[in-house]
Amino acid sequence: MVTASPTSLRGRLSDNQLNFSAGPGALPESVLRQAQDAILEVPGQGLSVLGLSHRTPWFRDVVDEAEENIRQLLHLPAGFRVLFLQGGSSLQFGMIPQSLLRSPHDSADYLVTGYWSRRSIEDVAHFGQARVVWSGESQGYRRVPSAAELECDPRSVYLHYVSNETVEGVQFQQMPGRDDVPRICDMSSDFLSAPIDCDRYSLIYAHAQKNLGPAGVTVVLIRDDLLARCRRDVPTMLNFHNHVEARSIYNTPPVFAIYVLVLVTRWLRDEVGGLEAMQQCNQQKAECLSRVLDARPGFWRVHAEPGSRSVMNIAFRLPTPELERRFLEQALDEGLRGLEGHRSVGGLRVSLYNGVTLAAVECLAEFLRDFQARQDHPA
Ligand SMILES: Cc1ncc(COP(=O)(O)O)c(C=O)c1O
């Protein structure tokens, strides 16, 4: 069998396929094409998706299908509600403690493993206390904690953590926490990238703009027993019960974003073949890149420690800021985009979300090898 060389692959990849941005990220080509068509006319509707009312039976069906597809993909147990909300994952940082902490003495456990989990505790103090069970700050957020390092409080109202730290590129390989304390997880940057043991969570949330579609919609899976504990005396748009009762059409939802999310879930089911297949492909992509990075650890300085390295986001540095600048310039010349690190930490970062193909990663890996060779043997 003759395999295509990355150079010949490059010619066959579109600019959209060479998008390694941390979010909004690359979406599958077939989804982009269907979204393009729908902007002119949704099949069978005779109108643009941008001009279709959220009160039409068509849109009710779209939301219902989005829910059903997520249920199927995750094998979501009965007893979970699936919501499509607005305000991004940042709104959940406040909505969750507001709903669940009923007095200033109520306390919730938080794991602080990077930029986003640090941000997730900012709003808690308005409603109760955030007890930081573990923080990776003093070690520069290079790893997640082991089970032995966590002393979670059995009286905690919930435990909150971020499964994949998008900025630092560290990801939990094992689920932390105790099964007798509700587990709440921000899965914004790895939701639907692999199967999840949903039964062991009480609430999972993820904004769309990594693996699910465009920005504007946030998926929340909430278990009935946790929902029953959520307070109702909060502003209407921040009340989980209102969204459950309205089945995600409480006010005007982001119709286009939810429509694209449906297309992505169909793609995952019909073209990829489900989350096990997606996970395998994501592993292959991460391994393809890691082979290059790990061959020269003094040159490619990966931020995360080996046992905590993310499959979705790989953050790394080069020996000097000047080299990093050159890397980004030359990558751009090759049409490889979205490789700069988060503004809070700088450096470089590759995001390998579901929409990024293995061919695109092979192409990037070849660029890395060439870049390294050019530094080793300047012309
Ligand atoms: C893990 C994680 N949580 C939360 C957020 C914040 O999301 P949003 O911009 O939707 O509020 C981000 C943003 O990238 C993220 O990566």
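Bear in mind these aren't lab numbers, they're just calculated from the coordinates by the rules spelled out. Quick caveat: nothing in here was measured; it's all calculated off a predicted structure. Quick reminder, even Gly has a Cβ in these numbers, built from the backbone with ideal geometry, and neighbours come from all protein chains shown.
Can you pull out the trypsin sites (Lys or Arg not before Pro) in the stretch 142-183 that DSSP calls coil and that have at most 10 other Cβ atoms within 10 Å?
In loop regions of the stretch 142-183 (DSSP not H, G, I, E or B), the sparsely surrounded trypsin sites (Lys or Arg not before Pro) are ARG155.
Need the full-extension length gain, GLU151 to ASP61, defined as separation in residues times 0.36 nm minus the C-alpha distance. One decimal, nm.
27.9 nm
Return the FRET efficiency for the residue pair ASP224, ASP376: r is the Cβ-Cβ distance, R0 is 56 Å, and the value is rounded to the nearest 0.05.
E between ASP224 and ASP376, to the nearest 0.05, is 0.40.
Using a 7 Å offset from the Cα along the Cα-to-Cβ direction at both ARG102 and ASP199, what is the distance between the two label points in nm, to one decimal?
Result: 2.9 nm between the two label points.
Taking the chain as a Gaussian network, Cα atoms linked when under 10 Å apart, which of HIS105, HIS75, HIS243 shows the biggest mean-square fluctuation?
HIS105
Can you tell which of CYS281, SER103, ALA373 lies farthest toward the positive end of the dipole of the chain, using +1 and -1 charges on the Cβ of basic and acidic side chains (Lys, Arg; Asp, Glu)?
Toward the positive end, the furthest listed residue is SER103.
In debye to the nearest 20, how big a dipole does the chain give about its Cα centre with +1 on each Lys and Arg Cβ and -1 on each Asp and Glu Cβ?
Working: 38 positive and 45 negative charges, 75 e Å.
Around 360 debye, computed over the chain.
Between VAL124, LEU268, ILE70, whose Cα lies farthest towards the positive end of the dipole of the stretch 33-270 when Lys and Arg beta carbons carry +1 and Asp and Glu beta carbons carry -1, centred on the Cα centre?
Toward the positive end, the furthest listed residue is VAL124.
Kyte-Doolittle cut-off 1.6, length cut-off 15 Å along the helix's own axis using Cα: show which whole DSSP H helices in the chain pass.
For the chain, where a helix must reach 15 Å along its axis and average at least 1.6, the hits are 255-266.
Quick one: check the C-alpha center-to-center distance for the stretch 38-89 versus the stretch 311-379, whole angstrom.
36 Å
Scan the stretch 314-353 for trypsin sites (Lys or Arg not before Pro) in coil per DSSP, keeping those whose Cβ has at most 10 other Cβ atoms within 10 Å, and list them by number. Spell out each step's value before the answer.
Details: sites: ARG317, ARG325, ARG326, ARG337, ARG343, ARG349; in loops: ARG343.
Loop-located and lightly packed - ARG343.
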